[in-house]
Amino acid sequence: MNTTHDQISVAEAFLELLASRGVRYFFGNSGTDFAPIVEAFAKRQARGQDRPVPLTVPHEIPAVAMAHGYTMLTGRPQAVMVHVIVGTANALGGIINAARTRIPMLFLAGRTPVTEKGHHGSRDLGIHWAQESFDQGAMVREFVKWDYELRFGSQIETIVDRSLAISQSEPCGPVYLSLPREVLAAKIDNFEYSDAPRVNAASPTSSALDSVGQAADLLAAAQKPVAVVQSLGRNPEGLEILVELAELLAMPVVEQWHTHFNFPQTHPLHAGFDPAPYLKEADVILAIESDVPWFPTLSEPGPDTRIIQVATDALFTDYPYRGFGSDISLSGNPRLSLLALKEAILPSKLNRTAVRSRLDHWRERFKKQRKTWQTRAEGVSKDRPINMTWASHCIGDILDDRSIVINEYVLDPTQACFNTPGTYFRHSPSASLGWGLGAALGAKLAKPDHKIICCVGDGAYMFGVPVSVHWAARAHDLPVLFVVFNNSRWNASQQSTLSFAPDGWAANTDSMPLCDLRPSVDFEKICQAAGGYGERVERPEDLPAALTRALEVIETEKRQALLNVICK
Ligand SMILES: Cc1ncc(C[n+]2csc(CCOP(=O)(O)OP(=O)(O)O)c2C)c(N)n1
């Protein structure tokens, strides 16, 4: 079926196509380049015509993070539009984050008018000259899968379908489309498009069966197999298969530097968050969607350990330097690879007695590990300033089956237990700070019935452009709970200095230039200024009740809330 229209602008056609292709939200940070888009939204709104919901976000970092957060929970790419080269520059950290964690996204930017006069939309402001670059796409090209500048209105259907298809083909990632003002302003006489896209995402691929068979044989014969996983949970359908595979082999699963929920934390084969103690003794390591399966400076597998890497791109070919061994690299959809592996492990090849005793061993280890974590939290439960482990523990205590945690660095994963896919998200491995606040708003858009709890340090909070975020939370009715672990410093930079030079000048003079964030800000008042609830928490014993109060606010009053937790 085809839909046709007489005389509509390219901008209108674009919005109609986005809506028809399932793009629900259009996160925008506008400029003069947006005029035809603003006009098109207004017209379609007045006429009740299909369009994505336009959401103003007053900074590009949270705008991209909101789209990221929405897609990470729904799998559906959204549109983010920014202002020419300057908006693109502000957004870039977020695009790097999306690229490195394989989030599909239609990233749009205006392009300064091409002509000086003579066209509807030609240059009419001083900025229109200096905001042109020789190659706008070059600014983002390394971190998008495809980029293009729209030249003619007649291209619009192909370009929309092609960009969305490429973005959603594995490995997924953002694509970039720049939109010159004259092209957006031009009219299409007879706009006709196909109701269903004529170009669709490529179907997921899986590895050759003989490689899968070799990997299956290695795992079946292994005495001490260990799985390490970072972001399998990006595609939740693969998670059950990992549980089945782990159970079949009695293979422990370590979540290393994990960005998603990957494996139930109450499962006795969940072996924690640090593979270092197991690497030397492992004879086979199965690294699943793990860009960094271990930290070589701390510990690495022995020379005889066989390594199988399973990932959409098992060699992470978009990383310039990465030397983790891979005897068998199973590229392709990780769910399909794990399924094929599981099916290729013939029960007759397994040593049942060995599997049973392995399971007993890991059960015992599981109990000990959980007890250690519990003891660690209790040991610091009275510390003041509040210890971050204790703060994490208190957050762990308030989680229920409607909670989703967005964690930018600070939540200690040993202290909060997740058992359901899609309930835990950490920042992208590229860690361009400022992601958490916006991602939490995007998550709330995606899951309005859930409690979104965003855990950030005071550093990440400030990187997140908080005034814009609190404004957007209020304007778009997104009641989220922000918990700021406020240690008045960039601890990551401080710790890195101490480990780089444990006996150096910074350590010995007790001075940390460029890491100190004192005097701190009353962050709770920033949230209050946007109509939200804000509270400062200094005593560890006050934290549980403060969390309960703040949750009550987001749930019943439907207002955003922020706890400024004074930490060490
Ligand atoms: C855009 C960007 N700039 C700088 C950094 C470097 N960086 C990594 S962690 C960190 C500190 C984060 O501070 P905070 O959120 O307070 O957490 P803390 O380290 O104190 O636990 C910094 C500055 C980064 N990752 N991204």
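Within the set of pairs 6+ apart or on separate chains, which have a first residue in segment 377-398 that is without any contact (Cβ under 8 Å) to a residue 24 or more places away in the chain, a second that is in a helix (DSSP H, G or I) and more than 16 Å from the ligand (Cβ to nearest atom), and C-beta atoms under 8 Å apart?
Between residues of segment 377-398 that are without any contact (Cβ under 8 Å) to a residue 24 or more places away in the chain and residues that are in a helix (DSSP H, G or I) and more than 16 Å from the ligand (Cβ to nearest atom), the close pairs are H393/A377.
Please tell me if F485 is near the ligand (Cβ under 9 Å from one of its atoms) and crowded, with 23+ Cβ neighbours inside 10 Å.
Details: near the ligand (Cβ under 9 Å from one of its atoms): yes; crowded, with 23+ Cβ neighbours inside 10 Å: yes.
So F485 fits the description; yes.
For segment 237-296, which residues satisfy the criterion of being over 17 Å from R365 (Cα atoms) and part of a strand (DSSP E or B)?
Hits for segment 237-296 are H260, V284, I285, L286, A287, I288.
Kindly provide the set of residues from segment 168-226 that are under 30 Å from E39 (Cβ atoms) and assigned to a loop (DSSP other than H, G, I, E, B), ordered by number.
Result: A186, D195, A196, P197, R198, V199.
So, in segment 352-366, how many residues would count as being closer than 17 Å to A282 by Cβ and polar (S, T, N, Q)?
Counting residues in segment 352-366 that are closer than 17 Å to A282 by Cβ and polar (S, T, N, Q) gives 1.
State whether one or more residues within segment 162-173 are in contact (Cβ under 8 Å) with a residue 40 or more places away in the chain and of a type in the set (V, I, T).
The answer is no, given that none of the residues of segment 162-173 is in contact (Cβ under 8 Å) with a residue 40 or more places away in the chain and of a type in the set (V, I, T).
Tell me, which helices (runs of 4 or more DSSP H) wholly within segment 1-84 include 1 or more residues that are of a type in the set (A, V, I, L, M), within 26 Å of the chain's Cα centre (by Cα) and surrounded by fewer than 18 Cβ atoms within 10 Å (Cβ to Cβ)?
Ranges flagged: 10-20.
Quick one: how many residues across segment 227-260 are hydrophobic (A, V, I, L, M, F, W, C), touching an Asp or Glu at 6+ places or on another chain (Cβ under 9 Å) and surrounded by 24 or more Cβ atoms within 10 Å (Cβ to Cβ)?
Looking only at that region, the number is 4.
Being surrounded by 19 or more Cβ atoms within 10 Å (Cβ to Cβ) and within 26 Å of the chain's Cα centre (by Cα) is the filter; apply it to segment 169-193 and report the residue that is nearest to S331 (Cα to Cα).
So, considering only residues that are surrounded by 19 or more Cβ atoms within 10 Å (Cβ to Cβ) and within 26 Å of the chain's Cα centre (by Cα), the one nearest to S331 (Cα to Cα) is E170.
Hey, among T88, T101, which residue is farther than 25 Å from V467 by Cα and either over 11 Å from the mean Cα position of the chain (by Cα) or within 16 Å of the ligand (Cβ to nearest atom) (or both)?
Sole residue among the options that is farther than 25 Å from V467 by Cα and either over 11 Å from the mean Cα position of the chain (by Cα) or within 16 Å of the ligand (Cβ to nearest atom) (or both): T101.
Given the conditions (1) at pLDDT below 95; (2) within 8 Å of the ligand (Cβ to nearest atom), and given that S499 satisfies all but one, which numbered condition is not satisfied?
Of (1) at pLDDT below 95; (2) within 8 Å of the ligand (Cβ to nearest atom), only one is false for S499: (2).
Of everything in segment 500-532, what is surrounded by 15 or more Cβ atoms within 10 Å (Cβ to Cβ), in contact with a Lys or Arg (Cβ under 6 Å, 6 or more places away or on another chain) and either touching a residue at least 60 places away in the same chain (Cβ under 8 Å) or farther than 14 Å from N486 by Cα (or both)? Give them in sequence order.
Matches in segment 500-532: A530, G532.
If the Cβ limit is 6 Å and pairs must be 6+ apart or interchain, which residue in segment 174-196 that is of a type in the set (K, R) pairs with which residue that is at pLDDT below 95?
R181/D33; R181/P113; R181/G121; K187/Q7
Of everything in segment 470-515, what is hydroxyl-bearing (S, T, Y), part of a helix (DSSP H, G or I) and under 26 Å from V537 (Cα atoms)? Give them in sequence order.
Passing the criteria: only S493.
The values are calculated or read from the model by the stated rules, or taken from the named source; none is laboratory data. As the structure is a prediction and not an experimental result, all values here were calculated from the model. A quick note on method: Cβ atoms are made from the backbone with ideal geometry, for glycine too, and the neighbour counts reach across all protein chains shown.
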